[in-house]
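Beneath this line is the structure, given in structure tokens, with notes to follow.
Just so it is clear, none of the values below were taken in a lab; they were calculated from the coordinates. Not measured: the values here are computed from a predicted model. Neighbour counts are summed over all protein chains in view; Cβ atoms, including those assigned to glycine, are modelled from backbone coordinates with ideal geometry.
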Amino acid sequence: MYIRTFALILILALIIACGGSKELQQELNEVKQGSQGTDSTLVVLDAKLKEFSQEVKAMRETYNENHISLENLYKLNADSKRSIDQLSTDIVDKLASERSRTDSVASASLQQSSEEIAGLQAEQSSMRESISGLGTAIQNTQFQVDSIYATMDPSKIAVMEENLLNIATQFSLLDSSFSEFQLNVADHMMNSEDQLTTLELNARVQDSSNYDILSQLVFLENKIISLTNSFNELMAMPSTTPNIIRTPVSQAPVTQAPVTAKMDYETYKQHYIDALSSYQNGDFMGAIDAFEMLIRNDSDNDYADNAQYWIGESYYALDEYSKAIEAFRKVMQFKDSNKADAAQFKIGYSYINSGDKARGYNELERLLDMFPESSYRDKVKQILASR
């Protein structure tokens with residue numbers, strides 16, 4: 001502005017210096033007067049420009065504050081979504097953990113719990129939809145803010161502030177609903193845990209009772225199997241020669257005197273039958289002495305490995321499991337023994353009944369490897385599957 005005025009004055013001065021006429025002097029005065037009017041106008045415009053710049057600055061500061069408020073709302077929205085996702089994950093994990101820990105006794109209670117959790121998850125989905133709607137409202141508000149910044153219309157700023165206030169109110173209500181939802185979930189989880197604890201306690205008591213009953217059944221089953229095997233063995237033997245007189249066990253005990261002369265086959269078999277009858281009648285120590293006498297007399301006899309097996313069965317019936325295990329292991333020393341798989345089976349049972357269940361199960365697994373054609377395989381698999 002000042003440069004222009006100075007230029008005009010300089011031009012006029014040159015004209016006056018060159019011509020010096022009176023008309024030029026008058027024109028110069030007129031130019032000066034016009035320049036002064038222009039200066040006044042420029043000053044007024046400059047003041048208005050400064051005032052407008054201050055208004056723009058104030059509106060920009062207001063926008064920045066509103067933008068910060070929107071960013072805070074975005075952060076709150078993101079935190080809420082993360083909290084809801086984490087809560088959903090925790091609920092799903094807890095439900096999976098509960099389902100894996102319960103059995104058939106707890107199925108009805110878990111079904112009810114699942115339905116309640118499904119209802120809570122439906123409520124959670126509804127809240128997520130509300131949050132999604134809130135996100136849409138925030139985006140619309142952001143669009144309005146951008147429009148306001150472009151037009152600098154104070155009325156739109158007032159609309160934006162009203163929308164922000166409504167959003168804050170909705171978010172406060174949503175936060176209150178979410179807190180109530182969390183309390184309901186916590187109460188439900190506590191009730192579910194109490195029910196599971198009660199069910200687990202009942203299941204442990206029932207398992208203990210079932211285990212006692214199972215132990216008794218196994219003990220009876222072993223006795224029945226042993227007696228059945230002994231009777232089957234007797235029934236499978238061919239009849240003895242007529243000149244051999246069998247001494248009933250009930251009338252006289254089996255002789256325990258050492259036999260020096262090697263018995264013939266029929267005599268050996270008769271003594272074997274007498275010893276087996278002692279076992280069937282419950283005279284386990286007498287049976288042990290008789291079977292040991294037979295082995296000392298002729299360890300190569302066809303019945304020698306059977307005699308060694310029944311020594312183990314006699315110790316087993318007396319609950320002397322360590323001696324039973326030792327006797328059963330000796331059965332394996334006989335070549336091509338038809339009692340080897342039965343002896344291995346009873347070794348496993350002896351360890352289990354003595355309290356060393358891990359060793360007993362290992363011995364039963366060895367039977368599956370050692371005797372692939374054994375008649376005890378199905379029984380062993382059943383035992384191993386129920387451990």
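Here are some notes:
- Residue pairs, from the table Lys262/Lys323; Lys269/Lys381; Lys335/Lys357; Lys323/Lys381; Lys330/Lys357, whose Cα atoms sit over 24 Å apart: Lys262/Lys323; Lys269/Lys381; Lys335/Lys357; Lys323/Lys381
- Each residue, Ser375 and Thr38, gets one label point 7 Å from its Cα in the Cβ direction; the gap between the two is 13.0 nm.
- Protection proxy ranking, peptides 45-58, 281-294, average beta carbon neighbours within 10 Å, highest first: 281-294, 45-58
- Per-residue Cβ neighbour counts within 10 Å put Tyr361, Tyr309, Tyr351 in the sequence Tyr361, Tyr351, Tyr309, beginning with the fewest.
- Neighbour counts of other Cβ atoms within 10 Å put Glu193, Glu313 in the fewest-to-most order Glu193, Glu313.
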